[in-house]
Amino acid sequence: MLLTHPALAQGCVEYRCDRLDGARAKARQYGYAGAMFPWEGDDLGVETTPDWAPCGQYEQHITACVALAVWQWWQASADIGWLRERGWPVLRECANFWASRVTPAPDPADPQRVYHICDVQAADEYALHIDDNAWTNASAARCLQLAVQAAALLGENVPPTWAHVAERLHLPFDAERRITLEYTGYTDEIIKQADVVLLTFPLEWPLPADVAANNAAYYATRVDAAHGPAMTYAIHAILAAAAGDQAQLGSYLRQSYQHNLRPPFHSFSETPDQDFCTFVTGAGGLLQALIFGCCGVRLGDAGLTFAHAGLLPAGWQRLAMRLCCRGRIYDIELTPAGRMVRESDPAVAVKGTP
């Protein structure tokens, strides 16, 4: 929605900004500083996840995701006033949370002291009460980095521990296979949904090229194909497009929707084996596969950019979309011959719907 319907996207971010007090209260409830955002929140920002579901307490990466969404709105709008008044308080409190949430390695005299995040539920929700989940740790580190970056833009002072912790958060790694481990002690278990591959997209974590490729290839074999949500395959489609693999792009793109559409309106179910609709995360995954996968779009600190030349699945003749970023409209057309981008009148307001 950020690039297709920015006014709706801003509403999603403003929902979090308006309910910062509820997130602060949740952090205090568990003994942490800053703001700990709810997995499922009500109109006051209070956690409403049912007691039987552990994600409300343990799937804590949501707080890093909120910070990432705030920063992405800044990237898409370049509204420094909004960042100062609305975004910065959220980024600051999310960073305060992660700085209080980490556990340092035992030796305080060690100049290379590393930090851990223990006892969480991973983005892969089959993994509960585990330590150093790859996505949780990397997204927490990025949250701290973004808070430092925002503070520099705004002339705010921040604790030096933010950058220190971000630089030293532990990511488990299998040196022999050269893959990022999903968590400490991970031993090839089946996973519910994307986790490690999220480091490559959307986080764009600086992994060696061979490790990123190994992660994508390995974890594609570990997904629960019968019960996992469709959005996982959307991420793999984006990675395949970036790698220029047309066959994999087509396969993963089909898997991101084909088994999850339900009549009569082609609504998304969450998994292939159930009929509960509408799972908007699955629809969002498919849209991301088209925008960021096929068309190669990326959003950065300078606005809209392109990561690669674009790639259509085999047999596709044309893909066209209209995106909006920083008040400019981008009409993108992708054919087997290549990608064409046309920018329209810059007077179009960024808050409008293209």
Would it be correct to say that Gly45 is surrounded by 20 or more Cβ atoms within 10 Å (Cβ to Cβ), more than 18 Å from the chain's Cα centre (by Cα), of a type outside the set (D, E, K, R) and not in a helix (DSSP H, G or I)? yes
Could you tell me whether any residue of segment 99-112 is in contact with a strand residue (DSSP E or B) (Cβ under 6 Å, 6 or more places away or on another chain), in contact (Cβ under 8 Å) with a residue 60 or more places away in the chain and β-branched (Val, Ile, Thr)? yes
Which numbered condition trips up Val165, out of (1) outside any loop (DSSP other than H, G, I, E, B); (2) more than 23 Å from Tyr30 (Cβ to Cβ)? (2)
Subset of segment 329-345 that is at pLDDT 95 or above and charged (D, E, K, R) - its residue that is nearest to Ala7 (Cα to Cα): Asp331
Is it true that Gly34 is in contact with a helix residue (DSSP H, G or I) (Cβ under 7 Å, 6 or more places away or on another chain), in a loop (DSSP other than H, G, I, E, B), modelled with pLDDT under 95 and not polar (S, T, N, Q)? no
I need the full set of residues from segment 120-168 which are more than 18 Å from Ala67 (Cβ to Cβ), under 20 Å from the mean Cα position of the chain (by Cα) and of a type in the set (Lys, Arg), in order please. none
What number of residues within segment 205-232 satisfy the criterion of being free of Cβ contacts under 8 Å to residues at least 60 places away in the same chain and either under 26 Å from Ala175 (Cα atoms) or among the acidic types (Asp, Glu) (or both)? 19
Take segment 313-328 and flag every residue that is aliphatic (A, V, I, L, M) and either under 24 Å from the mean Cα position of the chain (by Cα) or in a strand (DSSP E or B) (or both). Leu319, Ala320, Met321, Leu323
What number goes with the only condition from (1) part of a helix (DSSP H, G or I); (2) closer than 14 Å to Tyr186 by Cα that Asp132 does not pass? (1)
For Glu189, are the conditions met, namely being assigned to a loop (DSSP other than H, G, I, E, B), surrounded by fewer than 18 Cβ atoms within 10 Å (Cβ to Cβ) and of a type outside the set (Ser, Thr, Tyr)? yes
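The values are calculated or read from the model by the stated rules, or taken from the named source; none is laboratory data. Everything numeric in this text was worked out from a predicted model, so none of it was measured. Glycine also receives a Cβ, built like all others from the backbone with ideal geometry; neighbour counts cover every protein chain displayed.
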